[in-house]
Structure formats: C-alpha cells, structure tokens
Amino acid sequence: MQLRFLVWLCMFCAPLAATGQNLLLHFVPTWGHQPIAAGTYYKLPSDDSLQFSSFRCYVSHISLAVKGKEVYSDANPYHLIDMAEPQTMNVLLPQIPKYYELRFALGVDSAMSVSGAHSGDLDPEKGMYWAWQSGYINFKIEGSSPLCNTRRNEFQFHIGGYAGKDNALVQVTLQNTDAPNEMTIEIPLDAWMQQTDLRRQNTIMSPGTEAVQLARQLASVIKIAGR
Amino acid sequence: MLFAVGLLAFRTEKLQFATPKGWPKPVYDFSKNPLTQNKIELGRMLFYDPVLSRDSTISCASCHSQYNAFTHVDHDLSHGIDNRIGTRNSPALMNLAWSKTFMWDGAVNHLDVQALAPITNPLEMDEKLPDVTRKLQRSKRYPALFYKAFGDSVVTGQKLLLSLSQFMLTLVSNNARYDSVMRGTAAFTEHEQKGYTLYKTHCSSCHAEPLFTNNSYENNGLYVDNTLNDKGRMAISIQAADSLKFKVPTLRNLKYTYPYMHDGRFKNLGQVLNHYVMGIQHTPSLSPQLQRGIYLTNDDKFFLMAFLMTLNDKRYVSNPAFSYPKNNFETSEGL
C-alpha cells in the first residue's frame, strides 16, 4: 500500500519521466513489499520480531544494456542510498536510450578503496569508510531483535572488503523488457533475513567469508517491484 | 598591491615535490593531490589542533611531536584521550611519501585515509569525522583557511584528509650525517665505516637504504607479550603466515624515537641489538634472515651504534617549517 502510494507519488511528481527520455530509479529496502520504516517492528517467520534503525548502501556504476551490450552508463558512478534521507533513494538517469537490462553494483569497487580520500557520496565523513582498516563499507544494516544476544539486542552488519577472495562487491542485473521510465528497485530485507540466523550471525564488521556471503545473498534477492 | 597578488598566486600554485637525489620515486601520487603552500599550511594547522579530538584535548602532535621525529617519546604504548592507553607504540612519522601502507600492521592502504584511524579510535581521539568537519565549519578560523586552500570554504572530510596528507608529505628527513656522506660532502669516521659495513651485512635486507625500510612485514623474533597478544599483520590479512609480523620501521632518527618496537618494549638501542644477538624466538613465521640469529661482538655493537647515530637528522627535528604554527594559534590553544 505504502509502496504503491510512493510509486504513484513519484510518477505524479516526476514530469521528467513522462518525456520518455529519463529513467527514475527508486531504491527501497522493503519488508513484505512495503518500504521499511525505521523503528517499526516486523515479524520474522519464527514469530520473533526485529526492527531496523538504519539501512545504507552504495549503488554504483548503474548501466543499461541491450542483449548483454552496454548502451548507457551513469555519469555519476556512486550513490549512497540512505533510508534516513529519502531523497538519496531516488536516482535519475537522464537521456536514456531504449534498454532491456538494468545493471548496477552493490558497493564500491576496489579502485576507490585503495586510492585515498574521495568527495561527495564517497567522502569518508559519510561514515561508510572503515577507519581501523582501509576500504569502503558497501552496506550497513543495523537494528535490533530479541534473537540477538548482544548489547541492547542489536545487530550490526557492516559489509565490505575489496581485496582478493574477500571482495564483497556484488553485481546486480535486472531484466525489464518494458523499458519503463521509472522503476522501483526493491531491496527485500525479509528475503535476506530468511537466509540469516540472527542468533548466530548478528555482528559482522570486517571483511571475510561471511561478509562476502551476506553481500551475495542481498544481491540475489534484489528485484524490480511488482515483478 | 602587485606584490600581494604575486604572493597569493605563489601560495596557491602547485609545488613540485622534491625527491632527494638517488631516492626512489615516491609511492604517493602527487597528481591526485598536488601540493600547494596553502594546503600544506592548513594541514599543519590541523595536525597541531586538538579540535580533531572529541573533547579538544589531543592533537596529532600529542603522539607525534617534532622533537621526537614525530613519535611519542618515552611511552611504550601511546596514550590518547582521557588518559586511555592504546595497544601500540606510535610510529615516528617521516618520508611518508615512500610508504606503501601505514600502521604497524599495514591496516591502512593510503596516506589520505590514515588519519581516520587515530581520529576515530576510542583510545586515541575518540571523535567522528562529521563532528570534526562541523566543528571546523563553525570555527572562526577554518572556513577562511579552507577557502584559501581549496577555493571553497565548505569543510569536507576529503579536504581535511587531503590537507593533512600534504603537511605529512613535506616531512622528509634526508639531512642526516649519512646523507652528507652519500652526497660526498662528509666522510664516515673509521668506526662509522665499520658500522656501515656491519649494517650492510646484517640489517640492510629489511632496513634497506636510503629509506632504511623495505616496507615489508617481518617477524623479528620478539617473544609475545601476553598482556597484549598482538598478532600484528595477521589481524588484517587473516593469513596464519602473517602471525607476529609487523611493518619494518625505518632506522632513521633512532636517537629521537625511543622506545623501540611495535609495543615500545626496548628502552634503548643496546637492548635492541641484544635482542638480535641473543633474544630471537623461533616461531614458524620468523624472518628467514634471522633463522640463525645475528652474531655481533661487543666491538661490532659499538661500531654499529656509531653508524646508526649517523642516521639522526637534527635539521629534521628542528625544522621550523614542521613545527607548531604558533603565529596562527592563540597563546591559550593548540598542541
């Protein structure tokens, strides 16, 4: 309901999208296909509850393709999507050609993780750069659940890593033969959480096998809303 | 008026980083952060300003003082905010343009992001970068300095980090007696020359000239201090082969940088040499070069010490360009 309203609102408010030349993307973390609201309690299949306090992730190198061939790439390669700042969840791609496929990466590529301090959404003051060890955090998902035997029952997933087998950058490819001018990309945290046992896995804040697995799992559930 | 314009242009114009003759090409990519006098001076202000810490009590210089070749002298483990004690000896800062990685374990891969670690470490400055930029933006002094440096008074994390890098990159130590000898303007004494020969036989594979480090990680056979259980590089690489390995520190300016080793366990150089002669612990990751220990007679130690003292750069520790910029601070603040 809320999501449909959001889509309707965006269609209404985005006259640019109607020109047929731009593509407006909404990246929305969802639970049961509804946008997640910070502090709202959601129910896990086990009947245990959880709530999210923050969701932040990098969406990078968005491109459009036809039959596997890239036809467009985003001039602004790095977007920090932050649930607490709704305007960051919208990304406008101007002057797009006809396309069948939308591609992007979840996270920041290794080239940026080894080349010092960057600006804009990549500025380390955004809190998405590890301080104790170099490298960007590709996404942060934080909240709490009684399942977590931690201080204040908190879970903290800070997923990143750029080097070798610990590279947690994951690619997402979504097909949409309708080639609409507006799309909502759902990041279904309910589907992601189904693959995680919060009793066992609730605090991951360094690169490694677990981080890579969680990143792949998140990429695998991302989809276009309503499809 | 013309003079003032000329001066202004000079202070914003790109400066060429001078690589000392015979030294390798710097690792730092200056094309990504071209040096200017205004950026260097902003970085120098920030380096000496405790505003970087949570309660404005600790500056970079608190643990990296110039008199000590930019380390924290006489502290085995450096202390930070609220007298909290860290887990490692603060490294001496010099010749950073040639460093591939930073920190004892190489956790940091680029000079520009190095300062994030001490700023945010709860045992050091215990601050957050957005709080620092907010404090600087609100200050009377910094928006103008950022404008002079970057042509924009908006303070960002990136600008702060780039200007800190610029100041740190200017910290080049290449005026020790050794350097004069290499330039042919001085000669080693007989003792120093004997020490130099011993150094080349026993030390130079890791502490390679002219930087006196090869930037690698090595296990030099220290016994594990079980109050710290510091595994060094392994904590970062997650490779068992890196257990107990630490970055090879430079041998330059040893006179000013005591105590020695990652945990400051040796108070003087005599203890360091004795360690190599008779203290080496054999563990699987021990450096191949140290497998059979280093044999030094008392005379050898004396000669080696004489050579090591030629690596002290008095001009470096007293260069006014690197010192506390007292003209820019009020008398009641700074450091």
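Anything in the range B:141-166 that is more than 10 Å from chain A (Cβ to nearest Cβ), among the aliphatic types (A, V, I, L, M) and outside any helix (DSSP H, G or I)? List them, or say none. B:Val154 - this is the single residue of the range B:141-166 that is more than 10 Å from chain A (Cβ to nearest Cβ), among the aliphatic types (A, V, I, L, M) and outside any helix (DSSP H, G or I). In a residue-by-residue description of the range B:105-120, the property of being away from every other protein chain (no Cβ under 11 Å) and small (Gly, Ala, Ser) applies to no position. Only one of these is within 14 Å of another protein chain (Cβ to nearest Cβ) and out of contact with any helix residue (DSSP H, G or I) (no Cβ under 9 Å at 6 or more places or on another chain): B:Ser237, B:Ser216. Name it. Result: B:Ser237 is the single residue among B:Ser237, B:Ser216 that is within 14 Å of another protein chain (Cβ to nearest Cβ) and out of contact with any helix residue (DSSP H, G or I) (no Cβ under 9 Å at 6 or more places or on another chain).
Against the numbered list (1) outside any helix (DSSP H, G or I); (2) closer than 30 Å to B:Arg177 by Cα; (3) not acidic (Asp, Glu), B:Gly270 comes up short only at (1). Among all residues of the range A:103-116, there is at least one that is within 14 Å of chain B (Cβ to nearest Cβ), touching an Asp or Glu at 6+ places or on another chain (Cβ under 9 Å) and within 30 Å of B:Gly232 (Cβ to Cβ).
Consider B:His72 carefully, then state whether it is modelled with pLDDT under 90 and crowded, with 23+ Cβ neighbours inside 10 Å. When the stated conditions are applied, B:His72 passes them. Within the range A:69-107, the residues that satisfy the criterion of being within 16 Å of A:Phe55 (Cα to Cα) and part of a loop (DSSP other than H, G, I, E, B) are A:Met83, A:Ala84, A:Glu85, A:Gly107.
Please specify each residue of the range B:210-239 satisfying the condition of being farther than 20 Å from A:Ser134 by Cα and not in a loop (DSSP other than H, G, I, E, B).
Initially, the range B:210-239 is screened for residues farther than 20 Å from A:Ser134 by Cα, giving B:210-214, B:218-229.
Residues satisfying the conditions are B:Glu218, B:Asn219.
Within the range A:128-160, the set of residues being small (Gly, Ala, Ser), within 11 Å of another protein chain (Cβ to nearest Cβ) and touching a residue at least 24 places away in the same chain (Cβ under 8 Å) comprises A:Gly135 only.
Return the residues of the range B:30-48 that are more than 18 Å from the chain's Cα centre (by Cα) and not small (Gly, Ala, Ser); say none if nothing qualifies. Steps first, answer last, please.
We begin by selecting, within the range B:30-48, every residue more than 18 Å from the chain's Cα centre (by Cα); these are B:30-39, B:41-42.
Scanning the range B:30-48 gives B:Phe30, B:Lys32, B:Asn33, B:Pro34, B:Leu35, B:Thr36, B:Gln37, B:Asn38, B:Lys39, B:Glu41, B:Leu42.
One residue stands out among those in the range A:117-127 that are part of a loop (DSSP other than H, G, I, E, B), at negative phi and not hydroxyl-bearing (Ser, Thr, Tyr): the one that is farthest from the other protein chains (Cβ to nearest Cβ), which is A:His118.
Quick check on my filter: what residues within the range A:50-68 are more than 16 Å from A:His158 (Cα to Cα) and part of a strand (DSSP E or B)? Step through it out loud before you land on a result.
Step one: list which residues in the range A:50-68 are more than 16 Å from A:His158 (Cα to Cα), which gives A:50-51, A:60-68.
Result: A:Leu50, A:Gln51, A:Ser60, A:His61, A:Ile62, A:Ser63, A:Leu64, A:Ala65, A:Val66.
The values are calculated or read from the model by the stated rules, or taken from the named source; none is laboratory data. This one's a predicted model, so the numbers in the text were calculated from it and none came from an experiment. Note: ideal-geometry Cβ built from the backbone for every residue, glycine included; neighbour counts use all protein chains shown.
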